[in-house]
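Sharing a structure, written as C-alpha coordinates. Questions coming.
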Amino acid sequence: MSIPENLTQIVQKINIASANRSTHTGNVKLVAVTKNHGIDAMRVALDNGVTAIGENRIQEAISKYPLLNRNAEWHLIGHLQTNKVRHAIPLFDLIHSVDSERLAAEINKTAGKLEKRQDVLIQVNVAGEDTKYGIPLNNVRSLAQYINDLEHVRLCGLMTIAPYYEDIELTRPVFRELYYAFMELKDLNLSNSDIRWLSMGMTNDYVIAIEEGANLVRIGTGIFGKRDYNAITKGG
Ligand SMILES: *Cc1c(COP(=O)(O)O)cnc(C)c1O
(Lines give C-alpha, C1' and ligand atoms only; values in the text may rest on other atoms or scores of the structure.)
Protein backbone atom coordinates (compact mmCIF):
# COMPACT_ATOMS: atom_id res chain seq x y z
CA MET A 1 0.00 0.00 0.00
CA SER A 2 1.03 3.60 -0.53
CA ILE A 3 2.00 6.04 2.23
CA PRO A 4 -1.30 7.97 1.93
CA GLU A 5 -3.30 4.71 2.12
CA ASN A 6 -1.31 3.54 5.15
CA LEU A 7 -1.91 6.89 6.84
CA THR A 8 -5.65 6.74 6.21
CA GLN A 9 -5.84 3.31 7.83
CA ILE A 10 -3.71 4.29 10.79
CA VAL A 11 -5.70 7.45 11.46
CA GLN A 12 -8.89 5.36 11.39
CA LYS A 13 -7.44 2.89 13.88
CA ILE A 14 -6.23 5.72 16.11
CA ASN A 15 -9.72 7.24 16.10
CA ILE A 16 -11.40 3.93 16.96
CA ALA A 17 -8.92 3.12 19.72
CA SER A 18 -9.20 6.57 21.29
CA ALA A 19 -13.00 6.56 21.14
CA ASN A 20 -13.15 3.43 23.29
CA ARG A 21 -11.02 4.42 26.20
CA SER A 22 -11.69 5.71 29.65
CA THR A 23 -8.37 7.50 30.20
CA HIS A 24 -7.95 11.25 30.61
CA THR A 25 -5.28 12.14 28.13
CA GLY A 26 -7.17 13.85 25.30
CA ASN A 27 -6.60 13.64 21.54
CA VAL A 28 -3.88 11.47 20.06
CA LYS A 29 -1.07 12.97 18.01
CA LEU A 30 0.77 10.86 15.45
CA VAL A 31 4.55 11.15 15.17
CA ALA A 32 5.66 9.70 11.83
CA VAL A 33 8.99 7.98 12.45
CA THR A 34 11.15 8.70 9.40
CA LYS A 35 14.51 7.22 10.41
CA ASN A 36 16.14 5.48 7.46
CA HIS A 37 13.54 6.91 5.10
CA GLY A 38 14.35 9.56 2.54
CA ILE A 39 13.11 13.09 2.05
CA ASP A 40 10.58 12.16 -0.65
CA ALA A 41 8.74 9.78 1.66
CA MET A 42 8.79 12.43 4.38
CA ARG A 43 7.26 15.00 2.05
CA VAL A 44 4.47 12.61 1.07
CA ALA A 45 3.65 12.04 4.72
CA LEU A 46 3.60 15.77 5.49
CA ASP A 47 1.43 16.41 2.44
CA ASN A 48 -1.04 13.84 3.76
CA GLY A 49 -1.81 15.16 7.20
CA VAL A 50 1.28 14.32 9.24
CA THR A 51 2.39 17.25 11.39
CA ALA A 52 5.18 15.72 13.47
CA ILE A 53 8.15 13.65 12.42
CA GLY A 54 10.36 11.51 14.63
CA GLU A 55 14.05 10.82 14.11
CA ASN A 56 16.31 8.82 16.38
CA ARG A 57 19.77 9.83 15.23
CA ILE A 58 21.08 13.39 15.41
CA GLN A 59 23.31 13.05 12.36
CA GLU A 60 20.48 11.85 10.17
CA ALA A 61 18.18 14.64 11.37
CA ILE A 62 20.84 17.28 10.70
CA SER A 63 21.29 16.08 7.13
CA LYS A 64 17.54 16.00 6.42
CA TYR A 65 16.52 19.19 8.18
CA PRO A 66 17.62 21.70 5.51
CA LEU A 67 16.13 19.58 2.71
CA LEU A 68 12.63 19.41 4.10
CA ASN A 69 11.01 22.66 3.15
CA ARG A 70 7.74 21.94 4.92
CA ASN A 71 6.40 23.05 8.26
CA ALA A 72 6.76 20.20 10.71
CA GLU A 73 7.45 19.50 14.35
CA TRP A 74 10.67 17.57 14.86
CA HIS A 75 10.75 14.98 17.64
CA LEU A 76 13.90 13.26 18.88
CA ILE A 77 12.84 9.76 19.90
CA GLY A 78 16.24 8.04 20.17
CA HIS A 79 18.87 8.05 22.88
CA LEU A 80 20.70 11.36 23.28
CA GLN A 81 24.36 11.48 24.34
CA THR A 82 25.42 14.54 26.30
CA ASN A 83 28.10 15.38 23.72
CA LYS A 84 25.40 15.67 21.01
CA VAL A 85 23.09 17.95 22.96
CA ARG A 86 24.38 21.10 21.29
CA HIS A 87 23.32 19.71 17.91
CA ALA A 88 19.93 18.53 19.13
CA ILE A 89 18.63 21.68 20.81
CA PRO A 90 18.37 23.88 17.70
CA LEU A 91 16.51 21.14 15.78
CA PHE A 92 14.00 19.48 18.02
CA ASP A 93 10.66 20.69 19.33
CA LEU A 94 10.36 17.75 21.72
CA ILE A 95 13.03 15.39 23.05
CA HIS A 96 11.40 12.10 24.18
CA SER A 97 14.46 10.46 25.68
CA VAL A 98 15.71 12.25 28.79
CA ASP A 99 16.90 9.58 31.22
CA SER A 100 19.34 11.19 33.64
CA GLU A 101 19.94 14.35 35.65
CA ARG A 102 23.23 14.74 33.83
CA LEU A 103 21.54 14.84 30.43
CA ALA A 104 18.82 17.19 31.69
CA ALA A 105 21.47 19.53 33.11
CA GLU A 106 23.37 19.56 29.83
CA ILE A 107 20.17 20.35 27.91
CA ASN A 108 19.47 23.16 30.36
CA LYS A 109 22.92 24.65 29.91
CA THR A 110 22.84 24.50 26.11
CA ALA A 111 19.24 25.68 25.78
CA GLY A 112 20.11 28.63 28.02
CA LYS A 113 22.92 29.67 25.71
CA LEU A 114 20.56 29.46 22.74
CA GLU A 115 17.84 31.32 24.64
CA LYS A 116 15.46 28.42 24.20
CA ARG A 117 13.19 26.56 26.56
CA GLN A 118 13.51 22.91 25.53
CA ASP A 119 10.46 20.65 25.85
CA VAL A 120 11.34 17.14 27.02
CA LEU A 121 9.84 13.83 28.12
CA ILE A 122 11.36 11.39 30.59
CA GLN A 123 12.01 7.97 29.06
CA VAL A 124 10.94 5.18 31.38
CA ASN A 125 12.09 1.56 31.14
CA VAL A 126 8.87 0.16 32.60
CA ALA A 127 9.72 -3.50 32.21
CA GLY A 128 13.32 -3.08 33.43
CA GLU A 129 14.91 -4.53 30.28
CA ASP A 130 18.73 -4.49 30.22
CA THR A 131 18.74 -3.70 26.53
CA LYS A 132 16.70 -0.49 26.79
CA TYR A 133 17.43 3.03 27.90
CA GLY A 134 15.20 4.78 30.39
CA ILE A 135 14.84 5.09 34.14
CA PRO A 136 12.86 2.77 36.42
CA LEU A 137 9.31 3.83 37.30
CA ASN A 138 10.41 4.38 40.90
CA ASN A 139 12.76 7.18 39.88
CA VAL A 140 10.28 9.21 37.81
CA ARG A 141 9.25 11.53 40.61
CA SER A 142 12.76 12.56 41.61
CA LEU A 143 13.94 13.16 38.02
CA ALA A 144 10.74 15.12 37.34
CA GLN A 145 11.37 17.33 40.36
CA TYR A 146 14.96 17.84 39.26
CA ILE A 147 13.89 18.91 35.75
CA ASN A 148 11.16 21.13 37.14
CA ASP A 149 13.88 23.24 38.77
CA LEU A 150 15.74 23.81 35.47
CA GLU A 151 15.04 27.18 33.93
CA HIS A 152 15.55 26.26 30.29
CA VAL A 153 13.89 22.85 30.24
CA ARG A 154 10.16 22.17 30.35
CA LEU A 155 9.05 18.70 31.37
CA CYS A 156 6.02 17.70 29.28
CA GLY A 157 5.44 14.04 30.15
CA LEU A 158 6.66 10.47 29.83
CA MET A 159 7.75 8.08 27.10
CA THR A 160 8.33 4.34 26.96
CA ILE A 161 9.19 1.60 24.48
CA ALA A 162 7.39 -1.61 25.40
CA PRO A 163 9.22 -4.93 25.28
CA TYR A 164 8.75 -7.08 22.20
CA TYR A 165 6.24 -9.83 22.91
CA GLU A 166 4.85 -12.45 20.50
CA ASP A 167 1.52 -11.85 22.20
CA ILE A 168 1.04 -8.08 22.05
CA GLU A 169 -1.62 -8.22 24.76
CA LEU A 170 1.31 -8.59 27.17
CA THR A 171 2.24 -4.96 26.44
CA ARG A 172 -1.04 -3.78 27.98
CA PRO A 173 0.07 -3.88 31.65
CA VAL A 174 3.30 -2.08 30.69
CA PHE A 175 1.37 0.79 29.10
CA ARG A 176 -1.11 0.84 31.98
CA GLU A 177 1.67 1.25 34.53
CA LEU A 178 3.08 4.21 32.65
CA TYR A 179 -0.37 5.75 32.41
CA TYR A 180 -0.69 5.55 36.21
CA ALA A 181 2.76 7.12 36.61
CA PHE A 182 1.71 9.86 34.18
CA MET A 183 -1.45 10.65 36.18
CA GLU A 184 0.56 10.73 39.42
CA LEU A 185 3.03 13.10 37.79
CA LYS A 186 0.18 15.38 36.71
CA ASP A 187 -1.15 15.35 40.27
CA LEU A 188 2.18 16.67 41.59
CA ASN A 189 1.25 19.99 39.92
CA LEU A 190 4.90 20.85 39.30
CA SER A 191 4.96 24.62 38.97
CA ASN A 192 7.41 24.85 36.10
CA SER A 193 6.27 21.83 34.06
CA ASP A 194 3.45 21.14 31.63
CA ILE A 195 2.60 17.46 31.93
CA ARG A 196 0.52 16.63 28.87
CA TRP A 197 2.24 14.05 26.64
CA LEU A 198 2.22 10.30 27.17
CA SER A 199 4.38 8.91 24.36
CA MET A 200 3.87 5.19 23.91
CA GLY A 201 3.01 2.80 21.09
CA MET A 202 4.75 1.90 17.82
CA THR A 203 3.60 0.05 14.70
CA ASN A 204 2.99 -3.26 16.49
CA ASP A 205 1.36 -2.03 19.65
CA TYR A 206 -0.05 1.47 19.16
CA VAL A 207 -3.71 0.42 19.35
CA ILE A 208 -3.17 -1.12 22.79
CA ALA A 209 -1.06 1.85 23.89
CA ILE A 210 -3.86 4.26 22.92
CA GLU A 211 -6.47 2.14 24.68
CA GLU A 212 -4.29 2.46 27.79
CA GLY A 213 -3.93 6.23 27.53
CA ALA A 214 -1.20 7.15 25.03
CA ASN A 215 -1.70 10.53 23.36
CA LEU A 216 1.52 10.54 21.34
CA VAL A 217 2.24 7.48 19.17
CA ARG A 218 5.45 6.91 17.20
CA ILE A 219 4.83 4.96 14.00
CA GLY A 220 7.37 4.21 11.28
CA THR A 221 6.97 0.84 9.56
CA GLY A 222 3.18 1.08 9.48
CA ILE A 223 3.41 4.26 7.42
CA PHE A 224 6.54 3.83 5.31
CA GLY A 225 7.04 0.07 5.16
CA LYS A 226 10.18 -1.77 6.20
CA ARG A 227 13.30 0.32 6.76
CA ASP A 228 16.16 -0.08 4.30
CA TYR A 229 19.22 0.46 6.47
CA ASN A 230 21.37 1.23 3.44
CA ALA A 231 19.15 3.89 1.91
CA ILE A 232 20.39 6.84 3.96
CA THR A 233 24.09 6.01 4.10
CA LYS A 234 24.02 5.68 0.31
CA GLY A 235 22.60 9.19 0.24
CA GLY A 236 19.13 8.09 -0.92
C1 LIG B 1 11.99 3.22 15.32
C2 LIG B 1 11.23 3.70 16.49
C3 LIG B 1 9.83 3.77 16.45
C4 LIG B 1 8.98 3.32 15.28
O5 LIG B 1 9.02 1.92 15.15
P6 LIG B 1 8.07 1.16 14.10
O7 LIG B 1 7.99 -0.22 14.65
O8 LIG B 1 8.75 1.22 12.78
O9 LIG B 1 6.77 1.84 14.10
C10 LIG B 1 9.18 4.29 17.58
N11 LIG B 1 9.86 4.70 18.66
C12 LIG B 1 11.21 4.64 18.73
C13 LIG B 1 11.89 5.11 19.95
C14 LIG B 1 11.93 4.13 17.64
O15 LIG B 1 13.27 4.08 17.73
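Given that compact globular proteins tend to follow 2.2 N^0.38 Å, what is the ratio of the alpha-carbon Rg of the chain to that value?
0.97
Which of the aspartates and glutamates could be linked to K109 by a straight reach, that is with a Cα gap under 19 Å, when you skip same-chain ones fewer than 8 residues away?
Here the aspartates and glutamates satisfying the reach criterion relative to K109 are D93, D99, E101, D119, D149, E151.
Just to be sure I follow the definition: excluding the sites themselves, where is the longest run in the chain that has none of the trypsin sites (Lys or Arg not before Pro) in a DSSP loop with at most 10 other Cβ atoms within 10 Å?
1-225
I've got another one for you. Taking the Cα centre of the stretch 1-137 as the origin, how large is its charge dipole in debye, to the nearest 20, when only Lys and Arg (+1) and Asp and Glu (-1) carry charge on their Cβ atoms?
220
Go ahead and set up a Gaussian network model of the chain, Cα springs under 10 Å, then flag whichever of N83, N108, N48 fluctuates most.
Sorting by GNM fluctuation, first place goes to N83.
Further, regarding this structure: With θ set to phi - 60°, apply the Karplus curve 6.51 cos²θ - 1.76 cosθ + 1.60 along the stretch 104-119 and write out the HN-Hα couplings as whole Hz, x wherever there is a Gly or Pro.
4, 5, 5, 4, 4, 4, 5, 4, x, 4, 8, 6, 10, 9, 8, 6
May I ask for the longest run of the chain untouched by GluC sites (Glu not before Pro) that are loop-located per DSSP and have at most 16 neighbouring C-beta atoms (other than their own) within 10 Å?
Answer - 1-114.
Which aspartates and glutamates, if any, have their Cα less than 14 Å from the Cα of K186, not counting same-chain residues under 8 positions apart?
Of all the aspartates and glutamates, those that pass the test against K186 - Cα under 14 Å, at least 8 places apart if same chain - are D194.
State the answer as a single residue: which of G38, H96, N27 lies farthest towards the positive end of the charge dipole of the chain, with beta carbon charges of +1 for Lys and Arg and -1 for Asp and Glu, about the Cα centre.
Projecting each Cα onto the dipole axis, the largest value belongs to G38.
Next question. Over the chain, give the accessible area per residue in Å² for a 1.4 Å probe, as an integer.
Ligands and nucleic acids excluded, the result is 49 Å² per residue.
The values are calculated or read from the model by the stated rules, or taken from the named source; none is laboratory data. All values derive from a computational prediction rather than experimental measurement. Because the Cβ atoms are built from the backbone with ideal geometry, glycine has one as well, and the counts that use them run over all protein chains shown. All accessible areas refer to the heavy atoms of the entire protein, side chains included, with ligands and DNA or RNA removed. Shrake-Rupley method; radii C 1.70, N 1.55, O 1.52, S 1.80 Å.
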